[in-house]
Amino acid sequence: MKKILVVCAAAMLCCSLANAQEAEDSGRGAGLSVIPRLDLGGLLYTGDGSFCPTLGNTSLYTLFEGNISDNWSFSAANHWVASDACWADGIDEALLSPTAGLYHLNLNGGNMNNFIDWAYISYTPGDFEITVGKQVLLLGGFESEDYDFDVNPLLASSFWNGFPCYQLGATVAYDIPNINTRVALQHANGPLGNTFAFGVNGSYGPFSIKYTALGYKGIDTADPAQILICLGNRLELESLTLTLDYFNRCGDPNFVAQDDYTYAYPTVHGNTLICSMVYDKGGKWDLGLKTAVNAVNPKAPYGYVNANKDNGPRYPGSYYDGTVYTLTNDTVLNQGTVNAGAWFSWYPKEERESLRLQAAAGVNGFNYADGAGSLFLTIGATWNFNFNLW
């Protein structure tokens, strides 16, 4: 499936480029954006009072997109550099080895899946749009609309932080005339196995929706079929934007991911609720409040994808029946967590997106059962260098 999609995408792109060059279509145009981001901050763990310096979402992205003709367009985003969550245990270690684990190149180890976020082409005949290539899954929710370099991961949900949302696939969308509504069907292939999704999004006055249903069977034949439903709702009132996203699962593929185990089922049983409020002061500055609640059902079965999966239970408070792990109530991982806080962005230049100064503070991974978690504070800047190529 991957090979077919890549070959089709390449062939369509080459043919389209040739046609566009011959016709010198006035709809042609392309741009390249280079987006470096730098964050500095720290996390203070409430359990033992330890401190961890962090680079937040420090990263380097490039975004290459444009129109080949009136009906053909393309987009590609590369994630060149990613920062590690914490590079040292405490101030002393950070000063002694300031660059140990500070960042990593996504090209290291040939990890092309992380290096290329998406790369696709789209054909738009009338009210239809056909997209082929690596793209965002129809996952729903307004949280996923922001570019990755615009998000503070410490305030994001477990879906944003862990769900493998960029996959090879094909999407067919249709814009229903006169009612500002789009419906879409998608088939994709990746770490989750084959996924099929249906989505509806639209705007109706100040109210917008983004609803999706995504189903997959999983790679292992023993994996049960899953249906991930998301209901995204947004209300825009002049300078104030209110958003509420709901998932019928808790999307953390690393929920039971340790030692030799690659990941548990990517959407474990539970619920996820994401609430945000953003005040935009005329394009000069933004102020936002956000809460992401990841509520886990500890009695649900959890699967695995691992070569050593027959070694027996490896986690305290769990039992293994030869097929799945079941977490019991005394498992330290059996409670939900909350990420919550506030962020502030200031745009000092007239070209709003060219430079942003940002700050965020709140709690991360707060377990509302035992009070464990961390307090955090980050400050930083994001630059956006745009180049018109043709």
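Values in this text are rule-based calculations from the coordinates and carry no lab data. Predicted, not measured: the structure shown is a model, and the values here were computed from it. Every residue, glycine as well, gets a Cβ built from its backbone with ideal geometry; the counts of neighbours run over all protein chains shown.
Rounded to 0.05, the FRET efficiency of the residue 346 and residue 203 pair, given R0 = 30 Å and the Cβ-Cβ distance, is 0.60. Near residue 118, the amide H atoms lying under 5 Å from its own belong to 77; only residues 5 or more places off or on other chains count, and H is placed 1.01 Å from N.
Straightening the chain between residue 178 and residue 238 buys 19.3 nm, computed as 0.36 nm per residue apart minus the Cα-Cα spacing.
For the listed peptides 156-162, 48-54, a ranking on the average number of other beta carbons within 10 Å per residue, highest first, reads 156-162, 48-54. Calculate the FRET efficiency for residue 372 and residue 229 from the Cβ-Cβ distance with a Förster distance of 35 Å, rounded to the nearest 0.05. For R0 = 35 Å, the calculated efficiency reads 0.75. Spin-label model, residue 40/residue 145: points 7 Å from Cα along the beta carbon direction are separated by 3.4 nm. Close amide H partners of residue 82, meaning residues 5 or more places away or on another chain with modelled amide H under 5 Å apart, are 104, 106. Computed from the C-beta positions of residue 196 and residue 127, the FRET efficiency with R₀ = 25 Å rounds to 0.65.
Cross-link pairs exceeding 26 Å between alpha carbons, from the set 281/349; 134/284; 134/210: 134/284.
In sequence order, segment 43-54 has phi-based couplings of 10, 10, 7, 6, x, 10, x, 6, 10, 10, x, 9 Hz under the Karplus curve 6.51 cos²θ - 1.76 cosθ + 1.60, θ = phi - 60°, and Gly or Pro positions carry x.
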